[in-house]
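Enquirer: The structure is given below, and queries will be raised subsequently.
Quick note: the coordinates plus some simple rules give every number you see, no bench work behind them. Everything quoted here is computed from the prediction, not taken from an experiment. Don't worry about glycine lacking a Cβ; one is built from the backbone with ideal geometry, like all the others, and counts go over all protein chains shown.
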Amino acid sequence: MKKKIILALMALFIIAIIAYGTYYVNDYYHADENAMKYINGTDNVEVIKTDKGLFLDGPGNDTALIFYPGAKVEYTSYLPLLTKISEKNIDCFLVEMPFNLAIFDISAADNIMNNYNYTHYYMSGHSLGGSIASQYLQDTGNGDGLILFAAYPTDEIAKPVLSIYGSEDKVLNMEKYNESKAFMKNLTEIKIKGANHAQVGDYGIQEGDGTAKLSPAQQQEKSSNEVIKFIEKTQ
C-alpha cells in the first residue's frame, strides 16, 4: 500500500512538472498587430522565411545583422525595428528561437554565416538575446561587432560594441549593466531619452517596465539610426 502511495505521488509530481513546463514555454509576449504588418515586407525590404527564422533582404548586399530575440518574446515582434535597419542597407536575420529562449540555440548564427556570403556580420539581440549573442561572439570570434539592445555581456568582448538602452527602461538591471562595462573595451553607449525596454520590439507592455515617452516607431527609428552610424564607423 505504501509503495502504491509513493508511486502515485511520484506520478503526480511528474505530471505537475510537465504541466508547469508546458505553461512556461507557452507563456510569452506575442507580436502585436503593428509588428505583423511587416511580415510580408515593404517596398524596399523583402521578408523571406528561412530554416532559422526570417531574412530581411533590403537594398544592401555587403553587411548583415544577426538578431537574437529577448526571452519569451515572439521573434516577429522585432520586424518593425529590423525593417528600419534593412531599409538603411543592412540586411537582417531575425532568428526564431526554440521556446522563445535564445539560450536553446546559441550557435544559430553558424547556420546563417555558413549559408550566406556577406563581407561583414554583426551579432545583435535584445535583453537575454543580446547576452546570448555576445556569448556567441566571445566563444567563436565570428562577427565584426556586437549591437546590444537593453543587454549586457557576461564575458570580455574584444570587438566593437554598441549598447543602446532607454532612460525609462526598468527591466534592464543597471547595476549588472554598469559592472559589465569592464568587459566592453571598445564601447559606444547610447541612452535614448524617453525609451523603455519593451519598445525595442512591438509586443505591448512588459511587466515591470517603465512608461515610454516615445512611440515604438520613434524609439526604433532612433535606434536604427544609431546602428547605422556604428556600423559605418567600425568598417
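Enquirer: Of all the stretches in the chain, which is the longest one without any exposed loop site, taking GluC sites (Glu not before Pro) in a DSSP loop (any state but H, G, I, E, B) with at most 14 other Cβ atoms within 10 Å?
Expert: Values: sites that count: 156, 207.
Result for the longest clean stretch: 1-155.
Enquirer: Still on this structure, I have one more. Helix 216-234 sits at what angle to the longest principal axis of the chain, using alpha carbons and giving 0 to 90 degrees rounded to 10?
Expert: For helix 216-234, the angle is close to 60 degrees.
Enquirer: Please state the Cα pair-distance histogram of the chain with 5 angstrom bins from zero: what percent is in each bin?
Expert: Reading upward from the zero bin: 1, 7, 14, 19, 19, 16, 9, 5, 3, 3, 2, 2, 1, 0, 0.
Enquirer: In addition: Please report 28, 122, 136, 68 as a ranked list, fewest other C-beta atoms within 10 angstrom at the top and most at the bottom.
Expert: 28, 136, 122, 68
Enquirer: For the chain, what is the calculated [θ] at 222 nm in deg cm²/dmol (nearest 500), taking -39500 (n - 2.57) for each run of four or more DSSP H residues and dividing by its residue count?
Expert: -11500 deg cm²/dmol
Enquirer: What are the chymotrypsin sites (Phe, Trp or Tyr not before Pro) within region 61-121 that DSSP puts in a loop, where the Cβ has at most 15 other Cβ atoms within 10 Å?
Expert: 116
Enquirer: With +1 on the Cβ of every Lys and Arg and -1 on the Cβ of every Asp and Glu, and nothing else charged, how large is the dipole of region 130-184 about its Cα centre, in debye rounded to the nearest 20?
Expert: With only Lys, Arg, Asp and Glu charged at Cβ, the dipole is about 60 debye.
Enquirer: Choose one of 160, 39, 89: the residue whose Cα lies farthest towards the positive end of the charge dipole of region 31-234 (beta-carbon charges +1 Lys, Arg; -1 Asp, Glu; about the Cα centre).
Expert: The Cα lying farthest towards the positive end belongs to 160.
Enquirer: Right, another one. How big is the dipole moment of region 65-201 about its Cα centre under a simple scheme where the beta carbon of each Lys and Arg is +1, that of each Asp and Glu is -1, and everything else is neutral? Debye, nearest 20, please.
Expert: 380
Enquirer: Ok, one more. With +1 assigned to the C-beta of every Lys and Arg and -1 to the C-beta of every Asp and Glu, and no other charges, what is the dipole magnitude of the chain about the Cα centre in debye, to the nearest 20?
Expert: That gives the chain a dipole magnitude of about 740 debye.
Enquirer: So, in Å, what gap is there between the alpha-carbon centers of region 137-153 and region 82-108?
Expert: 13
Enquirer: Under a cut-off of 14 Å between alpha-carbon atoms, report the aspartates and glutamates in cross-link reach of residue 52, not counting same-chain residues fewer than 8 places apart.
Expert: Straight-line reach from residue 52, under 14 Å: 74, 96, 105, 110.
Enquirer: Quick one: of 159/181; 88/185; 191/213; 181/229, which pairs are farther than 24 Å apart, Cα to Cα?
Expert: Flagged as over cut-off: 88/185.
Enquirer: Figure the gain on full extension for residue 27 and residue 156 (residue separation times 0.36 nm, minus the Cα-Cα span) and round it to one decimal in nm.
Expert: Contour length minus the Cα-Cα distance gives 43.2 nm.
Enquirer: How many angstrom separate the Cα center of region 166-215 from the Cα center of region 36-71?
Expert: A separation of 23 Å, based on Cα centres.
Enquirer: Give me the extension gain from residue 205 to residue 50: residue separation times 0.36 nm, minus the current Cα-Cα distance, reported in nm with one decimal. All intermediate terms of the calculation are to be shown ahead of the outcome.
Expert: On the way: separation 155, 0.36 × 155 = 55.80 nm, distance 2.87 nm.
Here the answer is 52.9 nm.
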